[in-house]
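Inspection log for the structure reproduced underneath, given as C-alpha cells.
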Amino acid sequence: MTTAVTREVFGQTLLELGSQDPKIVVLGGDLNKSTFAYRFGQQFPDRFFDLGPAEQNMMSMAAGFASCGKTVFVSTFAVFGTGRPFDQIRVGIAQPRANVKIVCTHAGIVTGEDGISAQGIEDLALMGALPGLTVIVPADGPETDQAARVAAREPGPFYIRLSRPATPIVHQPGFTFRLGKAETLREGNDVAIIACGIMVPAALQAAERLAPQGIQCRVINMATLQPLDEQGIAQAAAETGAIVTAEEHYRHGGLGSLVAQTIGRTLPVPMESVALDRYAESGKPELLLAKYGLTAADVEKAAVRAIGRKRR
Amino acid sequence: MVASTSRMAVSTSDVIILSATLPSPGILFSPNGLAPLTPREHQDLKRIARAVRRDLLLCITEAGSGHPGGSLSEVETLVSLYFRVLRHNPRHPQWPDRDRFILSKGHACPGLYAVLAHRGYFPLQDLLTFRKIDSHLQGHTRVGTPGVEMSAGSLGHGLSFATGVALAGRVDRRGYRTYALLGDGECDEGQVWEAAMSAAHYKVDTLTAIVDRNRIQNDRFTSEVMELEPFAAKWKAFGWRVLTVNGHSFPQLLNAFARAQATQGRPTVIIANTIKGKGVSFMENNPDFHGKAPTKAQLEQALRELGVAAEEGYQPLTWERMP
Ligand SMILES: [Mg+2]
C-alpha cells in the first residue's frame, strides 16, 4: 500500500491555495516545520504570521483577520489547537461563524514517542461540541488535499484533523471528496464498519480478512463528523443490521458517540465501537495501536461481535 | 415622551463637532480629533456623554440586569472615539476602510450600544430591548449588531482580535486604524500579554489599546484581587508606548489619541484613569455596581444627578435635547 504524510500534503495544498487566492492568510505557533505551514510562509511572508506557542492569541487574531474578509488557516498540533484555546474558538470563531480553518496535525496516539500530553484523543469531542463548526477527519493524503480545498472555498469555521506519520492511501486517483457525506469504500450487507482517519485502512483490512469466512463487510469512510450524514448512517443500519465504528480517539464524544446517538434515534441495531478507553503512553505508533486496541484485528473482532448480537 | 429615531440622532447640529470637509464620499463621519476642542465642541461632547450615561442606565434598568459600573467609566473614551476620532460611517458599518473599534470588555456593552445608537447605527428605541428575547442587543456584544466588530463576553480576547484586524489592514495596504478597549481587571488574563507581545513584535503602530483603569473588577478592587501595578511599566516592558490620562477628560483623551496616531514602529496603550460608576454618586467606586442593575428608585436618583428633568420621561432622547 502506498502511503502519504497528510500534514505534508496539507502544506503543499496550502501553498497552491495561497497562490490562487490572495485572501488566504496563515497563522502558526512555532510548529510550522512540523505542520508544513512554513512552505506557505516562505512563499508568502506578508501573509504568514508565526505567533509563537501562544495559541489563545493566535485563535483570536485569526478571528480578527477573518472579520476583515480573510480566509484564515491556523495550524498547530491537535492538543494545542483545540484544548488550549477552546474558549477563543468557541466565542471568537464558532459563535460568529468566522471564516477560520483550524488544521491540526499530530492528532491521536500515533503521535507516538512524545507521550500522552502530545497525543490528542479528545479533539473531536471538543470541536464537535461547537455548533456550526465543520469537523473533517481525512482518511489519507488525497482526501486531505481535497478537504483543505473545500475548507478554503466554503465560508465558515472548519476543523481538519491530521496525523504525524505516513499513513496508507485508500482513495483511487480522481475520487471526489463530498463534504458531509458518508463514503462507501466497500460493499457488503452483513455489517457496516464506519471509520474515520487512520482507522479507515484498518477497517478495509478487517473486511478483507473477513471475506474468506463469508462475512461481507460494508466499509464506510465518515470523514465529516459535523455536519453528520445521519441518513447515510441510518441507511447502513437498515441494510446491514449491525454497526462497528472505528476511530483513533477517546470513546466518548467522537465518531462512535455520534453514530450511536444517530442509530438510537433512527434504527437501533447492535453496535460495537473500536476506540480508546484510556490515555496511552510513549512508544512507537504501531506498538501503541496494538497495545491500545486499534488494529485491523480489533476491528475484525468487533465486527464478529456485532454480527453475533443480531437477532436471529 | 416619544423617543427619537436614529436618523434624528444624526441631525445637522450633530455635524458641528465633525469635520466640515469630507475626505471621501464613503466617509460620513471623519476625524478632527487632532484639532483642539472649541468651547462649544467641548460642551457638546459633555452633553453627549450625559445622554449616553442616561441611556445606558435606562437600558440596564429596563433589562433588569447588566453592568453599569464599567459602562459608566468608559463613556468619555467611547464618545471621543465615535464623535471625534474614528473614520466610520454608520450607514455603511462594513465600509472596508473604516477605523475599527473593538470592545474587549464585552460586559460593558450598554455604553457601546448607547454610543452606537446616538451615532445612528440603529434606532435609540432599540436600547430598551437590551437583553430581551429577539433583540439584536445581546447581554454581551455579539457580531450582528450594526457597528459591533467582535463577539465578546469572555475576557482577554479583544487585543488579539484587534491585532489581527490591524495586521489585515497591513496585508491589504489599507490606512485604517484599530482601537481596542480593555478593562483593567481583564488584564489578569494571560492572553492580554500574549497579544501585547505579538503586537509589539510585529510593530503594529496602527493599533491603539485603551485600558479603562477604574481600579475595580467583578468582586473587589483590582489591588485586592490581583495587583496590576506597576501597570504602565509592564506595558512599557512589553514594547508599547504608554500614555496615561484622566479618562474622563475629553482634551486629555483626544490629545492621547493624536499622539498615538503619530507614533511609529510600536503600538500605543492609553491608560485611562477612570472612576467606576462615574456620574452616579452611589455607584462611584462601588464594586457592588459592577454587574447589578439599579432599581427604579435608584434610576430616578441617577437621572436627577445627571441633570435629566423628570418630565422628560424614561425614554432615550437625542443628545441635543439634553440640558
Ligand atoms: Mg475594572
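The values are calculated or read from the model by the stated rules, or taken from the named source; none is laboratory data. Quick caveat, the model's predicted, so the values are computed rather than measured. No Cβ is skipped: glycine too gets one built from the backbone with ideal geometry, and neighbour counts run over all protein chains shown. Note: accessible area is taken over every heavy atom of the protein model, side chains too, but ligands, DNA and RNA are not part of it. Shrake-Rupley method; radii C 1.70, N 1.55, O 1.52, S 1.80 Å.
To the nearest 0.05, how large is the calculated FRET efficiency for B:PHE221 and A:LEU287 if R₀ is 60 Å and r is the Cβ-Cβ distance?
It comes out at approximately 0.60.
With springs connecting C-alpha atoms under 10 Å apart, model chain B as a Gaussian network and identify which of B:GLY239, B:GLY291, B:GLY144 has the largest mean-square fluctuation.
B:GLY144
From the phi angles alone, apply the Karplus equation (6.51, -1.76, 1.60; θ = phi - 60°) to the stretch A:129-145 and give each ³J(HN,Hα) in whole Hz, x where the residue is Gly or Pro.
Each residue's phi maps through the Karplus curve to give 7, 9, x, x, 8, 6, 10, 10, 10, x, 7, 6, x, x, 6, 4, 4 Hz.
When chain B is modelled as a GNM with alpha-carbon springs shorter than 10 Å, which of B:ARG54, B:ARG304, B:ARG215 fluctuates the most?
So, out of B:ARG54, B:ARG304, B:ARG215, the one fluctuating most is B:ARG304.
Given the options A:THR2, B:ALA195, A:THR134, identify the residue whose Cα lies farthest towards the positive end of the charge dipole of the protein assembly as shown (+1 on Cβ of Lys, Arg; -1 on Cβ of Asp, Glu).
Working it through, the farthest residue towards the positive pole turns out to be B:ALA195.
Carbon and sulfur: what percent of chain A's accessible surface (1.4 Å probe)?
Answer for chain A: carbon and sulfur cover 50 percent of the accessible area.
Got a sec? Charge dipole of the protein assembly as shown, +1 on Cβ for Lys and Arg, -1 for Asp and Glu; which of A:VAL299, B:LEU167, B:SER80 is way out at the positive end?
Looking along the dipole axis, the top candidate is B:SER80.
Reachable lysines from B:LYS46, Cα under 19 Å, same-chain residues fewer than 8 places away excluded?
Answer for B:LYS46, where 19 Å is the Cα cut-off: B:LYS276, B:LYS278, listed by chain and number.
Considering only protein heavy atoms, what per residue accessible area in square angstrom results for the stretch A:3-168 with a 1.4 angstrom probe?
30
Give the residue list of trypsin sites (Lys or Arg not before Pro) in the stretch A:235-292 that are DSSP loop and have at most 11 other beta-carbon atoms within 10 angstrom.
Hits after loop and neighbour filter: A:ARG278.
How large is ³J(HN,Hα) for each residue in the stretch A:215-223, as worked out from phi by the Karplus curve 6.51 cos²θ - 1.76 cosθ + 1.60 (θ = phi - 60°), to whole Hz, x for Gly and Pro?
For the stretch A:215-223, the Karplus-derived couplings read 9, 9, 8, 8, 10, 10, 8, 9, 6 Hz, x marking Gly and Pro.
Give the Cα extents of the stretch B:7-310 along the principal axes, in whole Å, largest first.
Here the Cα extents, ordered largest to smallest, are 51, 49, 40 Å.
Please give the charge dipole size of the protein assembly as shown, origin at the Cα centre, charges +1 on K and R Cβ atoms and -1 on D and E Cβ atoms. Round to the nearest 20 debye.
I would put it at about 940 debye.
Keeping all protein chains in the complex and leaving out DNA, RNA and ligands, what accessible area do you get for B:SER223 with a 1.4 Å probe, in Å² to the nearest 10?
70
How far, in degrees from 0 to 90, does helix A:55-67 lean away from the longest principal axis of the Cα atoms of chain A, to the nearest 10?
Tilt of helix A:55-67: around 80 degrees.
For A:LEU276, what residues show an amide H to amide H distance below 5 Å, using hydrogens built from the backbone and excluding near sequence neighbours?
A:HIS249, A:TYR250, A:ARG251
With springs only between Cα atoms under 10 Å, which of B:ALA49, B:ALA232, B:ALA108 fluctuates most in a Gaussian network model of chain B?
Highest fluctuation of the listed residues: B:ALA232.
So what are the ³J(HN,Hα) numbers for the stretch B:143-150, from phi and the Karplus equation (6.51, -1.76, 1.60; θ = phi - 60°), rounded to whole Hz, Gly and Pro as x?
3J(HN,Hα) across the stretch B:143-150, in whole Hz: 4, x, 6, x, x, 8, 8, 9.
What residues have an amide H closer than 5 Å to that of A:THR3, excluding those fewer than 5 places away on the same chain, when H is modeled at 1.01 Å from N in the peptide plane?
Amide H neighbours of A:THR3, under 5 Å, 5+ apart: A:ILE169.
Apply 1/(1 + (r/R0)^6) to the Cβ-Cβ distance of A:ARG153 and A:THR184, taking R0 = 25 Å, and write down the FRET efficiency to the nearest 0.05.
It comes out at approximately 0.55.
Suppose accessible area is computed on protein heavy atoms with a 1.4 Å probe; arrange A:ILE109, A:ILE116 from highest to lowest.
A:ILE116, A:ILE109
Assign unit charges at the C-beta atoms only (+1 for Lys and Arg, -1 for Asp and Glu), then state the dipole size of chain B relative to its Cα centre in Debye, rounded to the nearest 20.
780
What is the local net charge at B:LYS132, summed over the other residues whose Cβ is closer than 12 Å to its Cβ (Lys, Arg +1; Asp, Glu -1)?
-2
Could you check the spin-label model distance between B:ALA262 and A:ALA260? Points 7 Å from the Cα along Cα→Cβ, value in nm.
The answer from the label model is 6.7 nm.
Which aspartates and glutamates have a Cα lying under 19 Å from the Cα of A:LYS181, excluding residues fewer than 8 positions away in the same chain?
A:ASP140, A:GLU143, A:ASP145, A:GLU154, A:ASP229, A:GLU230, A:GLU239, A:GLU247
With every protein chain in place, what's the accessible area of B:LYS132 (1.4 Å probe, Å², nearest 10)?
Spelled out: B:LYS132, probe radius 1.4 Å, area about 80 Å².
How many square angstrom of accessible surface are buried between A and B, both sides summed, with a 1.4 Å probe and rounding to 100?
Roughly 1800 Å² of accessible surface disappears when A and B pair.
I'm checking a number: the convex hull volume of the Cα atoms of the protein assembly as shown, normalised per residue, in Å³. What is it?
Per-residue hull volume (Cα only) is 162 Å³.
Please compute the per residue accessible area over chain B with all protein chains in place, 1.4 Å probe, rounded to a whole number of Å².
37
Hey, rough spin-label estimate for A:GLN12 and B:LYS234, points 7 angstrom out along Cα→Cβ, what's it come to in nanometres?
The modelled label-to-label distance comes out at 4.8 nm.
Using a 10 angstrom Cβ neighbour count of at most 15 plus a DSSP loop assignment to flag exposed GluC sites (Glu not before Pro), which longest range of chain A is free of such sites?
For GluC sites (Glu not before Pro) (loop position, at most 15 other Cβ atoms within 10 Å), the longest site-free span of chain A is A:1-186.
From the helices alone, meaning DSSP H stretches of at least four residues, give me the mean residue ellipticity at 222 nm for the protein assembly as shown, per-run term -39500 (n - 2.57), in deg cm²/dmol to the nearest 500.
Mean residue ellipticity, 222 nm, calculated: -10500 deg cm²/dmol.
Can you tally the net charge around A:HIS252? Count Lys and Arg as +1, Asp and Glu as -1, for every other residue whose Cβ sits under 12 Å from the Cβ of A:HIS252.
Every neighbour counted, the sum reads -1.
Any idea of B:MET322's accessible area? Nearest 10 Å², probe 1.4 Å.
Surface accessible to solvent at B:MET322 totals approximately 10 Å².
With +1 on each Lys and Arg Cβ and -1 on each Asp and Glu Cβ, and nothing else charged, work out how big the dipole of the stretch B:131-256 is about its Cα centre, in Debye to the nearest 20.
Value, rounded to 20: 520 debye.
List the extent of the Cα atoms of the stretch B:156-285 along each of their three principal axes, largest first, rounded to whole Å.
Over the stretch B:156-285, Cα extents along the principal axes are 48, 32, 22 Å.
Check which residues have an amide H placed less than 5 Å from A:ILE194's amide H, if you skip close sequence neighbours.
A:ILE220, A:VAL244, A:THR245, A:ALA246
For B:ARG220, what charge total do you get from the other residues with a beta carbon under 14 Å from its beta carbon, if Lys and Arg give +1 and Asp and Glu give -1?
Residues near B:ARG220 contribute -4 overall.
Answer with one residue from B:GLN125, A:LEU179, B:ASN246: the one whose Cα lies farthest towards the positive end of the charge dipole of the protein assembly as shown, charges on Cβ with Lys, Arg +1 and Asp, Glu -1.
Among B:GLN125, A:LEU179, B:ASN246, the one farthest towards the positive end of the dipole of the protein assembly as shown is B:GLN125.
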